[in-house]
Amino acid sequence: ELLLRDSTSRALGFCENRDSLANTGRITVITPEAAPMPELIATLNAGLGHCVVVQTASAVLRHNDEVHCADLLIIPAANPRDEAVALFSLVSDLRSRVDTRLASLLVMVPNGNPEAAAMFLDLGADDVVMQNALPQEIILRAKALVRRKQLHDALRRNLLDGLQAAVTDPLTGLFNRRYADHHLARMSEQSAVAGSALAVMMIDIDHFKAINDTYGHAAGDRVLVALAARLRDNLRAVDLVARIGGEEFLIAMPRTSARQAQGAADRLRRLVSQTPFDLGEAYAPIPVTVSVGVALSDEAGQTQPDTHLMCDLADAALYRAKSAGRDCVAM
Ligand code: GH3
Ligand code: MG
Ligand code: MG
Ligand code: MG
C-alpha cells in the first residue's frame with residue numbers, strides 16, 4: 001500500500017502507527033515537484049515494506065509536523081540544472097530544520113555527476129546513490145540509513161531518560177538535591193551579573209512523623225507528592241523547587257527582594273495550612289503545616305552570593321521557625 005498524500009493531508013495517523021512500522025522504518029520520498037515517481041516508489045516498497053510516503057518539497061517545508069517522524073528522507077535525482085540547484089537548498093534546509101535534521105537523508109544523483117554527489121554530501125546528506133544504481137543497492141543503502149537513524153533515536157532516548165532520572169526526585173518529580181546544588185550555583189552567577197538579589201527558602205513539614213504514624217507511610221508519601229505540586233504550581237517558572245530531604249524542600253527565587261521573599265514564604269505557608277490534603281475517600285482530609293526559613297543575598301548584589309552560606313542561613317532560620325512554634329516563617 002502506497003501512502004500518497006497531498007500537501008493538505010496530515011501525517012499524524014502515520015506517526016501514531018510508528019510501532020508497527022518499526023521493522024522497516026518510516027520513509028518519506030520528497031519530490032522536487034508534484035510528480036510521483038512510480039518506478040522508484042515501486043522499488044522501495046518492494047524492497048522495504050509498505051511504508052513509503054511521498055511528499056512534495058514545498059509541502060515538506062511548509063508543514064513542519066508532516067515529516068518530523070520520518071526515519072529516512074529520500075530525494076530523487078533532479079536532471080535539469082535549475083532543479084538541481086533547488087535541491088541543494090532543499091538539502092541544506094532539511095539539515096538545519098529542527099523537525100528534519102535528525103532524519104537520515106539519502107539523495108539520488110544524476111548518472112555521471114560526481115560533482116553533485118560530493119556537493120550533496122557536503123551539504124549534509126548522509127549518503128548518495130546514482131540514479132542508475134541497481135534496485136538492490138538503493139534498498140540496501142536505505143535500510144542501512146533507517147537502522148542508523150533508529151539506533152541514534154534509541155541512544156538519544158536512553159541518554160535523555162538517564163539525564164532526567166539523574167536530576168529528578170522519583171517520588172514527587174521535583175528536582176533532587178544534586179540538581180538543586182548545581183542550579184543554585186548558576187542562579188548565583190546570574191544574580192551577580194544582573195546585580196539583583198537571590199532568595200533561598202527551606203521548607204520543612206511540621207510533625208511529619210506524626211502524619212506517618214497516624215495515616216500510614218503511604219499516605220505520608222501522597223502528602224509529599226501533593227505538597228510538591230502545590231509548591232510548584234504556585235511559583236514562577238524561573239524559581240527553583242527541589243526536594244532535598246525526606247520532607248524538606250528548597251526553593252530559590254531570583255530577582256527577589258527581602259520583602260518579596262517574606263511575602264512569598266508566607267503565601268506558601270498559608271497555601272499549605274489553609275487547605276488540608278484530600279487523598280480521596282479512604283482518608284479524611286489531612287491538615288498539614290510547614291515551617292519556612294528564608295535567607296537573602298546581599299541586595300546590592302556586588303559580590304556573588306555564596307549559595308552554601310545562604311543554605312546554612314536558611315536552615316538556621318528554619319530552626320528558629322520550628323522553635324517559635326512551627327507553621328511560621330523566619331528570616
Ligand atoms: P518537625 O516539625 O520537627 O520537622 O517534626 P518531624 O516529625 O517532621 O521531623 P523528623 O525529622 O523527626 O521526622 C521526619 C519524618 O519524615 C521521619 C520520616 O519517617 C519521615 N519521612 C522522611 N522521608 C519520607 C518519605 O519519603 N515518605 C514518608 N512517608 N515519610 C518520610
Ligand atoms: Mg525535622
Ligand atoms: Mg519535619
Ligand atoms: Mg526534616
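The values are calculated or read from the model by the stated rules, or taken from the named source; none is laboratory data. Note that the structure is predicted; figures quoted are calculated from it, not measured. All Cβ positions, glycine included, derive from the backbone under ideal geometry; neighbour counts span all protein chains shown.
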Checking GLY280 against (1) within 16 Å of ligand 2 (Cβ to nearest atom); (2) assigned to a loop (DSSP other than H, G, I, E, B), which single condition isn't satisfied?
(1)
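Being away from ligand 1 (no atom under 16 Å from the Cβ), in contact with a strand residue (DSSP E or B) (Cβ under 7 Å, 6 or more places away or on another chain) and at pLDDT below 95 narrows it down to one of GLN131, GLN136, so name that one. Steps first, please.
Numbers: GLN136 fails: in contact with a strand residue (DSSP E or B) (Cβ under 7 Å, 6 or more places away or on another chain).
Step by step, each of GLN131, GLN136 is checked, and only GLN131 is away from ligand 1 (no atom under 16 Å from the Cβ), in contact with a strand residue (DSSP E or B) (Cβ under 7 Å, 6 or more places away or on another chain) and at pLDDT below 95.
Residues are listed down the side, and each one gets a yes or a no for (1) within 25 Å of LEU309 (Cβ to Cβ); (2) hydrophobic (A, V, I, L, M, F, W, C); (3) touching a strand residue (DSSP E or B) at 6+ places or on another chain (Cβ under 8 Å):
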position: ASP169; (1), (2), (3): yes, no, yes
position: LEU174; (1), (2), (3): yes, yes, yes
position: ALA185; (1), (2), (3): yes, yes, no
position: ALA199; (1), (2), (3): yes, yes, yes
position: ASN212; (1), (2), (3): no, no, no
position: ASP233; (1), (2), (3): no, no, no
position: VAL238; (1), (2), (3): yes, yes, yes
Qualifying position, being closer than 22 Å to TYR319 by Cα, touching a helix residue (DSSP H, G or I) at 6+ places or on another chain (Cβ under 6 Å), among the β-branched types (Val, Ile, Thr) and within 16 Å of ligand 4 (Cβ to nearest atom), among ILE251, ILE211
ILE211
Taking the condition of being surrounded by fewer than 15 Cβ atoms within 10 Å (Cβ to Cβ), without any contact (Cβ under 8 Å) to a residue 24 or more places away in the chain and not in a helix (DSSP H, G or I), how many residues in the range 214-259 meet it?
4
In the range 192-213, how many are away from ligand 3 (no atom under 13 Å from the Cβ) and either buried (at least 19 other Cβ atoms within 10 Å of the Cβ) or within 17 Å of VAL272 (Cα to Cα) (or both)?
5
Among the residues of the range 122-166, write down those that are among the hydrophobic types (A, V, I, L, M, F, W, C) and surrounded by fewer than 16 Cβ atoms within 10 Å (Cβ to Cβ).
LEU134, LEU140, ALA144, LEU151, ALA154, LEU155, LEU159, LEU160, LEU163, ALA165, ALA166
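Quick test for you: out of SER297, SER291, SER273, pick the one residue that is within 16 Å of ligand 4 (Cβ to nearest atom) and of a type in the set (Ser, Thr, Tyr).
Numbers: SER297 fails: within 16 Å of ligand 4 (Cβ to nearest atom); SER273 fails: within 16 Å of ligand 4 (Cβ to nearest atom).
Residue meeting the stated conditions: SER291.
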From (1) of a type in the set (Asp, Glu); (2) more than 16 Å from ligand 3 (Cβ to nearest atom); (3) without any contact (Cβ under 8 Å) to a residue 60 or more places away in the chain, pick out the condition that doesn't hold for ASP266.
(3)
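Go through the range 224-278 and give me each residue that's of a type outside the set (A, V, I, L, M, F, W, C) and within 16 Å of ligand 1 (Cβ to nearest atom).
Initial filter on the range 224-278 (of a type outside the set (A, V, I, L, M, F, W, C)): 230, 232-234, 236, 239, 243, 245-248, 254-257, 259-260, 262-263, 266-267, 269-270, 273-276, 278.
Selection gives ARG243, GLY245, GLY246, GLU247, GLU248, ARG269, SER273.
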